[in-house]
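The values are calculated or read from the model by the stated rules, or taken from the named source; none is laboratory data. If you're wondering where the values come from, they're calculated on a predicted model, not measured in any experiment. A quick note on method: Cβ atoms are made from the backbone with ideal geometry, for glycine too, and the neighbour counts reach across all protein chains shown.
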Amino acid sequence: MIDISILLQIIWTGFAASTYAILFAVAFSLVVKVVKVWNFAQAGIMALSFYVMYAAHNKLGIPLLLSVGIGLVATIGANVFMDRYGLQTLRNRNSPDLTFFIFTLVVSEFLAYFLAMVFGTEPVALKPNIMSGVNIVHGIVISNWDIEAVCVTGVLLIALYLYMNKTHDGQFMAAVADNPALSRFYGINVTRAYVITFVITGLLITAGMYLFGTRASIIPNTPLQMMLFAVIATLLGGMGRIFGAAVAAIGLSLIQGLSIFVIPSQWQGLILYVFLFITILFFPQGVSLQKLKQLLSLSKKAPAAQ
């Protein structure tokens, strides 16, 4: 029988660990929604964001918060540069969707190899000591990192929701997401909407890499593995539903954490690939209550048919 305190601890730890995954998934989903590009270059930008913060703090001795600010500027700059001089060039040529996919993948791989050449392949973290103080609440261990991660992620998601729904630029982004050509006809600056999208995703990526880098070590290829999680969360959450991707990221993190009861830890990465197959086959448009009901009804009819 499972100890309830152990179960609650795993649930809390999984929820706290989902925070940076949420930010990465929301960033990826937002670009898919507004720009209509599966931006696998995000993995390379994530690595760049981390290593700029790492170099500023650990190599140059700049205070951590100021290093995060430097990383934010570099991340946003790289994001916007890629869109203006990469993706926009492909748009001007009316390139097929596959070209955009290949371009972003090449950018990601290039940045990963470049950073490996500059910083090496040894795992590094933002802090020399990634241990965090802990608090015991009703028998559950809650670290200071957990509290910081949950607060940072919560504030950013609330701010994004308010921006998307309460500001003119947010509403313009929604209009561009629905129909860029019609948006231009009504005088909406589509280029501005794309730039704002990449500025926002730069902020989310930087925050996510800060949280990850203060909890664990990283190598240049680590973000490529994180991207799989973001892609699955985007698919499960539904195309164009950025907060659906956030909920999916939480669910995936909890399932991955709870799987320790049935799957050894070294095989937990396999769960993501299982979810990827299931998502592509059964939930290509995302998870909905109606779709779940259909699958349940089919499962009930199958034994009766036999």
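Of note:
- Segment 133-179, subset in contact with a Gly (Cβ under 9 Å, 6 or more places away or on another chain) and of a type in the set (Gly, Ala, Ser), residue surrounded by the fewest Cβ atoms within 10 Å (Cβ to Cβ): SER143
- Filter result (in a loop (DSSP other than H, G, I, E, B) and either without any contact (Cβ under 8 Å) to a residue 60 or more places away in the chain or touching a strand residue (DSSP E or B) at 6+ places or on another chain (Cβ under 9 Å) (or both)) within segment 216-257: SER217, ILE219, GLY238
- Residue count, segment 100-132 (criterion: at pLDDT below 90 and exposed (fewer than 12 other Cβ atoms within 10 Å of the Cβ)): 3
- Filtered residues of segment 237-248 (kept if at pLDDT 85 or above and aliphatic (A, V, I, L, M)): ILE242, ALA245, ALA246, VAL247, ALA248
- Some residue of segment 135-147 being among the β-branched types (Val, Ile, Thr) and within 16 Å of TYR210 (Cα to Cα): yes
- Applying the criterion of being out of contact with any Gly (no Cβ under 9 Å at 6 or more places or on another chain) and aromatic (Phe, Trp, Tyr) to the residues of segment 49-99, the residue that is surrounded by the fewest Cβ atoms within 10 Å (Cβ to Cβ) is TYR85.
- The number of residues in segment 187-221 that are crowded, with 18+ Cβ neighbours inside 10 Å, hydroxyl-bearing (Ser, Thr, Tyr) and closer than 19 Å to ALA16 by Cα comes to 3.
- Taking the criterion of being closer than 16 Å to THR167 by Cβ and of a type in the set (D, E, K, R), the only residue of segment 178-205 that qualifies is ARG192.
- Qualifying residue in segment 196-205 (condition: more than 16 Å from the chain's Cα centre (by Cα) and at pLDDT 95 or above): yes
- Of the helices (runs of 4 or more DSSP H) lying entirely inside segment 26-128, those containing at least 2 residues that are free of Cβ contacts under 8 Å to residues at least 40 places away in the same chain span 64-82, 88-92, 97-119.
- Per the listing ILE280, ILE260, the residue uniquely modelled with pLDDT under 70 and in a helix (DSSP H, G or I) is ILE280.
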